[in-house]
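First up is the structure itself, then whatever we jot down about it.
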Amino acid sequence: MTKLEKIKILENVKKQLKQEFIGLDSIIDDLVTSITPWFVTPEVIVRPVVVSLWGMTGTGKSSVVKRLVEILDLKHKTLFFDCGTECNETDYGRNIGDKIIDFINSDEQYGTIDENYSKDLIYVFDEFQYARTINDEGCEEVKSS
């Protein structure tokens with residue numbers, strides 16, 4: 001697929017998202033602008049592309065991202081983390097790294113970790129304000145959800 005075709009896809013995605021999510025036009029514009037280099041010219045990206053969305057609960061941030069991934073047919077390359085639940089579990093034996101490795105290894109097409117495959121994955125950290133953190137004394141800080 002050419003770069004021009006990819007740009008056209010993003011334009012159509014933007015239009016579709018704006019029809020489905022009324023009142024989020026500027027958020028959708030910013031989101032699509034932020035992912036354009038990653039989507040159109042991934043070969044020039046040398047660092048991860050980080051896109052942060054923030055706002056009041058229930059405004060559609062998570063839904064827009066999930067729909068974007070769905071429209072672009074990237075569900076198979078997307079790993080969602082709900083930090084509101086996953087980072088506050090009592091069983092800390094599994095960490096995010098383990099889940100990423102399991103996700104990559106579960107792909108039937110690739111079977112094992114492949115550097116080229118794993119470098120363009122999408123990681124969505126939802127409810128990030130509930131993620132675990134370490135305090136000044138080096139101890140885990142418990143956050144209420």
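In the list 13, 46, 40, which residue meets the criterion of being loosely packed, with under 15 Cβ neighbours inside 10 Å and β-branched (Val, Ile, Thr)? Walk me through how you get there before you give the answer.
Details: 13 fails: loosely packed, with under 15 Cβ neighbours inside 10 Å; 40 fails: loosely packed, with under 15 Cβ neighbours inside 10 Å.
So the residue among 13, 46, 40 that is loosely packed, with under 15 Cβ neighbours inside 10 Å and β-branched (Val, Ile, Thr) is 46.
Does any residue of the stretch 52-70 turn out to be part of a helix (DSSP H, G or I), under 14 Å from the mean Cα position of the chain (by Cα) and at pLDDT below 75? So that I can check it myself, show each step before the final result.
From the stretch 52-70, those part of a helix (DSSP H, G or I) are 61-70; that's our starting set.
Narrowing the set further to residues that are under 14 Å from the mean Cα position of the chain (by Cα) leaves 61-70.
Among the residues that remain, those that are also at pLDDT below 75 are: none.
Looking through the stretch 52-70, none of the residues is part of a helix (DSSP H, G or I), under 14 Å from the mean Cα position of the chain (by Cα) and at pLDDT below 75.
Got at least one residue in the stretch 77-100 being of a type in the set (A, V, I, L, M), within 22 Å of residue 47 (Cβ to Cβ), modelled with pLDDT of 70 or more and open to solvent by 40 Å² or more (accessible area, probe 1.4 Å)?
no
The values are calculated or read from the model by the stated rules, or taken from the named source; none is laboratory data. All figures in this text were calculated on a predicted structure; none of them were measured in a lab. Reconstructed Cβ throughout: ideal geometry from the backbone, glycine too, with neighbour counts over all protein chains shown. SASA here: full protein model, heavy atoms, side chains in, ligands and nucleic acids out. Shrake-Rupley method; radii C 1.70, N 1.55, O 1.52, S 1.80 Å.
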